[in-house]
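Participant: My structure is below; once you've seen it, I'll send some questions.
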Amino acid sequence: MHDEKLIKEIKRKALEIRKWVIESVYRAGSGHPGGSLSVADILACLYFHEMRHNPKDPKWPDRDRLVLSKGHAAPALYAALALAGYFPVEELKNLRKIGHFLQGHPCMKKVPGVDMSTGSLGHGLSVAVGMALAGKLDKKDYRVFAILGDGEVQEGQIWEAANAASHYKLDNLIAILDRNKLQIDGPTEEIMHLEPLAWRWQAFGWDVIEIDGHDIEEILGTFHEIKLNEKPTIIIANTIKGKGVSFMEGTLSFHGKPPSEEQYIRAMSELEQAERELND
Amino acid sequence: MIDATITDKKRNLRDAYSSALIALGRRNPDVVVLDADLALSTKTKRFGTVFPDRFFDMGIAEANMMGVAAGLAACGKIVFASTFAVFATGRSYDAIRQSIAYPELNVKIVATHAGISVGGDGASHQMLEDIALMRALPNMVVIAPADATEMEDVVPAIAEHNGPCYVRIGRADAPILFETHGMFEIGKGYVLREGSDITVIATGTMTAEALKAYDLLKKEKIDARIIHMPTIKPLDEKLVRKAAKETGRIITCEEHTVIGGLGDAVAMAIAKKPVPMIRIGVNDVFGESGEAWQLMEKYGLTAENIVKRAKELIKKS
């Protein structure tokens, strides 16, 4: 059991991430709010508790790594990094602006704290395998986290990487699959089926844990279940696309579309209301 | 001018690759080698035998291999990733683009079996567009060494260079052109023969043909300048422009499609002050099965064709 204070603190961070997602995507006039909101709780747990990292030393060799393979959730990642102290939060207002370092999809050369450039789906898990392999080679105890989209695992390269991860016994690799069940063209099971998803990963030699990806206590608890048993682990996090903003939840329309001015105001007031309720 | 002669001595560039890789591995513990189930053909297996801990066979999954290479490089490794050129660049293009070239990671893609001289395997395995594909990527260095001696110099040079590199070598044994080591430098072209009537700029396997062409042209009283251009990107533009100015005619030679390779790079370099030019390469067609020498002949990748085209160019201009 994690103490209530910690859980409340992470919930607060997750709400802050969500507010910045709405703020930055609204100001940018483009971006992906739906899939950013669905991973906000997971990112909050990772950056504000679970991961070993140091915002003052982004290239610290012993840090845990995070590869946001679903790079379109960049607004959520940038918010987590800024709130953790990698760069000033005010910078988030310049997302996708020309000449600014916050690219539409994560760029490791420009953004402190970004461990890998991503954006084109299907690549991140391979890179995470390489990082985990390097950790084993160097006998370091860092872990590598890879956040995958659910639609993303339709890419064949994901399964090449999944195969390599179990072949090389990478128990320092933890994939988190943001199972929000929607991709651009529709529900994943209609577009190109993924189920039985847990079974598929098991068949590739992974330990599979299924959780509610919005339950902070459950997310935090899950990391304790991961064993150093020569097998990579995947956490299938059941989530809701657009989570936290009522009219974005479970809809396709905000996959890659910013809110209008009116929607922006409504979304922010909902999230501020949630913050007030949390503080009461 | 660089000392280069064609002798009867031949050596395979893949052998040179593996011996240079082992020497590099001894000096530098950060060197890691990946292959995609062709380690016996690319000869990286030899590195794996000497350094089993630093060699990983990634199986028949080339795109994943490139991503894994990127991850290792992001953690400080100098990664050599090898397979046949057709899989290394064609199959893996997006992985190279997204995970290696864009983040500018320290991955060295060393591809073997490039070009039409692969022979019997036919068009499916004869990679003729790899230079074009890799040249188009920002941050990528593109190299095609001419012989085994040069290959042994290329390996430490690319390890020294912090960033992505693509090296293409052929399958067949190649005549030894350079007796001594120490010539190769990334981005430099080399004048192998002085001449003032025409310049022949060649890369990879075609440099030996260009040297043979020099002797044949000499008999016809044509004084050709022969330039070996191991680095296609960044191109030694200064040397190209100087040759254009001094000889007034250029022929480029590459075992690659005429689209997007050395010929196009040279044409770009002289676009402001153009001179009459012919690009020798495979003319926008796929290859076919056959013996390596038969294919080189059929597709005009020979000294004799260089001579023929040189005479044409001189006659016309």
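Read-outs: derived from the displayed coordinates by stated rules, not from any lab. What you see is a predicted model, and the numbers here were worked out from it, not measured in a lab. Reconstructed Cβ throughout: ideal geometry from the backbone, glycine too, with neighbour counts over all protein chains shown.
Participant: Which of the three applies to the range B:1-155, rounded, prolate or oblate, going by the alpha-carbon gyration tensor with a ≥ b ≥ c and a/c under 1.5 meaning rounded?
Facilitator: Judged from the Cα gyration tensor, the range B:1-155 comes out rounded (a/c under 1.5).
Participant: Any idea which of A:VAL21, B:ALA85, B:ALA61 is furthest toward the positive side of the dipole for the protein assembly as shown, if Lys and Arg beta-carbons carry +1 and Asp and Glu beta-carbons -1?
Facilitator: B:ALA85
Participant: Moving on to the next point. Per residue of the range B:91-104, what does 6.51 cos²θ - 1.76 cosθ + 1.60 with θ = phi - 60° give for ³J(HN,Hα)? Whole Hz please, x for Gly and Pro, Karplus curve as stated.
Facilitator: Running phi through 6.51 cos²θ - 1.76 cosθ + 1.60 with θ = phi - 60° gives 4, 9, 3, 5, 5, 5, 4, 6, 9, 10, 6, 4, x, 6 Hz.
Participant: Which of the peptides A:270-277, A:232-239, A:205-212, B:116-123 is most tightly packed, and how do the rest follow, judged by the mean count of other Cβ atoms within 10 Å per residue? Before the final figure, lay out the partial values.
Facilitator: Numbers: A:270-277: 14.0, A:232-239: 24.4, A:205-212: 17.6, B:116-123: 19.5.
Those peptides, ordered most packed to least, come out A:232-239, B:116-123, A:205-212, A:270-277.
Participant: Can you tell me how the range B:131-235 classifies by the Cα gyration tensor, rounded, prolate or oblate, using a/c under 1.5 as the rounded cut?
Facilitator: prolate
Participant: Here's a follow-up. Please identify the DSSP H helices in chain B that span no less than 24 Å along the helix axis (Cα) and have a mean Kyte-Doolittle hydropathy of -0.5 or more.
Facilitator: Passing helices, by number: none.
Participant: I'd like the Karplus ³J(HN,Hα) series for the range B:195-203: coefficients 6.51, -1.76, 1.60, θ = phi - 60°, whole numbers in Hz, and an x wherever there's a Gly or Pro.
Facilitator: My calculation for the range B:195-203 gives x, 10, 7, 6, 10, 10, 10, 10, 9 Hz in order.
Participant: Find, among the trypsin sites (Lys or Arg not before Pro) in the range A:133-184, those assigned to loop by DSSP (not H, G, I, E, B) with at most 13 other beta-carbon atoms within 10 angstrom.
Facilitator: Working: sites: A:LYS136, A:LYS139, A:LYS140, A:ARG143, A:LYS169, A:ARG179, A:LYS181; in loops: A:LYS139, A:LYS140, A:ARG143, A:LYS169, A:LYS181.
In loop regions of the range A:133-184 (DSSP not H, G, I, E or B), the sparsely surrounded trypsin sites (Lys or Arg not before Pro) are A:LYS139.
Participant: Which residue, B:GLY25, B:CYS75, B:SER41, has the largest displacement toward the positive end of the dipole of the range B:22-95 when charges sit on each Cβ (Lys, Arg +1; Asp, Glu -1)?
Facilitator: Of the listed residues, the answer is B:GLY25.
Participant: Please identify every one of the trypsin sites (Lys or Arg not before Pro) in the range A:191-268 that sits in a loop by DSSP and has no more than 13 other beta carbons within 10 Å of its own beta carbon. Display every interim value, and only then the final one.
Facilitator: Working: sites: A:ARG200, A:LYS227, A:LYS241, A:LYS243, A:ARG266; in loops: A:LYS227, A:LYS241, A:LYS243.
Taking the range A:191-268 and a limit of 13 other Cβ atoms within 10 Å, the loop trypsin sites (Lys or Arg not before Pro) found are A:LYS227.
Participant: Starting from the Cα of B:LYS43, draw a straight line to each of the lysines and keep only those under 20 Å, dropping any in the same chain fewer than 8 residues away.
Facilitator: Hits, sequence-local ones excluded: B:LYS10, B:LYS108.
Participant: If the only charges are +1 at each Lys and Arg Cβ and -1 at each Asp and Glu Cβ, what is the size of the charge dipole of the range B:190-316 around the Cα centre, to the nearest 20 debye?
Facilitator: 720
Participant: Quick check: from the Cα gyration tensor, does chain B come out rounded (a/c under 1.5), prolate or oblate?
Facilitator: Prolate, since a/c reaches 1.5 and a/b exceeds b/c.
Participant: I need the chymotrypsin sites (Phe, Trp or Tyr not before Pro) found in the range A:89-178, filtered to DSSP loop residues with at most 11 other beta carbons within 10 Å of theirs.
Facilitator: Passing both the DSSP loop test and the Cβ count: no residue.
Participant: Also, I was wondering about something else. Give me the angle, in degrees from 0 to 90, between the Cα long axis of helix A:261-279 and the longest principal axis of the Cα atoms of chain A, rounded to the nearest 10.
Facilitator: 70
Participant: If you don't mind, another one. Taking amide H positions as placed in the peptide plane 1.01 Å from N, state which residues far from B:ILE201 in sequence (5 or more) or on other chains have amide H under 5 Å from it.
Facilitator: Distant-sequence amide H within range of B:ILE201: B:ILE227, B:ILE251, B:THR252, B:CYS253.
Participant: Report, as an integer, the average count of C-beta atoms from other chains found within 10 Å of each Cβ along B:57-65.
Facilitator: Rounded to a whole number, the mean comes out at 6.
Participant: Let me ask you something else. In degrees between 0 and 90, to the nearest 10, how far off the longest principal axis of chain A does helix A:4-28 point, with axes built from Cα atoms?
Facilitator: Rounded to the nearest ten degrees, it is 70.
Participant: If you don't mind, there's one more thing I want to ask. Using the charge dipole of chain B (Lys, Arg: +1 at Cβ; Asp, Glu: -1 at Cβ; taken about the Cα centre), state which of B:PRO234, B:GLY120, B:ILE158 has its Cα farthest towards the positive end.
Facilitator: Working it through, the farthest residue towards the positive pole turns out to be B:PRO234.
Participant: Additional query: Take peptide B:73-80, look around each residue's Cβ out to 10 angstrom, count Cβ atoms belonging to other protein chains, and average those counts.
Facilitator: Taking the mean over all residues of the peptide, I get 5.
Participant: Another question, then. Tell me the mean residue ellipticity at 222 nm calculated for chain A from its helices only (DSSP H runs of n ≥ 4, each -39500 (n - 2.57), averaged over every residue, nearest 500).
Facilitator: Value at 222 nm, helices only: -12500 deg cm²/dmol.
Participant: Sort out the exposed loop trypsin sites (Lys or Arg not before Pro) in chain B (DSSP loop, at most 10 other Cβ within 10 Å) and tell me the longest stretch that has none.
Facilitator: Value returned for the longest uninterrupted segment is B:1-220.
Participant: Further, regarding this structure: Could you work out the relative contact order of the range A:168-222, using alpha carbon pairs under 8 angstrom and six or more residues apart, expressed as a whole percent?
Facilitator: Result for the range A:168-222 is 16 percent.
Participant: With angles folded into 0 to 90 degrees, how steeply does helix A:74-84 sit against the dominant principal axis of chain A? Use alpha carbons for both and round to 10.
Facilitator: 90
Participant: Assign unit charges at the C-beta atoms only (+1 for Lys and Arg, -1 for Asp and Glu), then state the dipole size of the protein assembly as shown relative to its Cα centre in Debye, rounded to the nearest 20.
Facilitator: Using Cβ point charges on Lys, Arg, Asp and Glu, the protein assembly as shown gives about 2200 debye.
Participant: Then there's this: What list of ³J(HN,Hα) couplings, whole Hz, do you get for the range B:108-115 from phi and the Karplus terms 6.51, -1.76, 1.60, once you set θ to phi - 60° and write x for glycine and proline?
Facilitator: 10, 8, 10, 9, 9, 6, 7, x
Participant: Where a Cα-Cα gap under 20 Å defines reach, which lysines qualify for B:LYS311, not counting those fewer than 8 residues away within the same chain?
Facilitator: The qualifying lysines are B:LYS212, B:LYS218, B:LYS219, B:LYS221, B:LYS245, B:LYS298.
Participant: B:THR83's amide H: which non-local residues (gap 5+, or another chain) put their own amide H closer than 5 Å, with H modeled 1.01 Å from N in plane and none for Pro or chain starts?
Facilitator: B:VAL110, B:THR112
Participant: While we're looking at this one, here's another question. Starting from the Cα gyration tensor of chain A, multiply each eigenvalue by 5, take the square root, and state the resulting semi-axes largest first in whole Å.
Facilitator: Working: eigenvalues 150, 86, 71 Å².
Computed over chain A, the values are 27, 21, 19 Å.
Participant: Straight-line reach only, C-alpha to C-alpha below 20 angstrom: list the lysines that A:LYS231 could link to, leaving out same-chain residues fewer than 8 apart.
Facilitator: Partners found: A:LYS136, A:LYS139, A:LYS140, A:LYS169.
Participant: Now for a different question. Using all alpha carbons of the protein assembly as shown, what is the percent of pairwise distances in each 20 Å bin, ordered from the shortest bin to the longest?
Facilitator: 20, 44, 27, 9, 0
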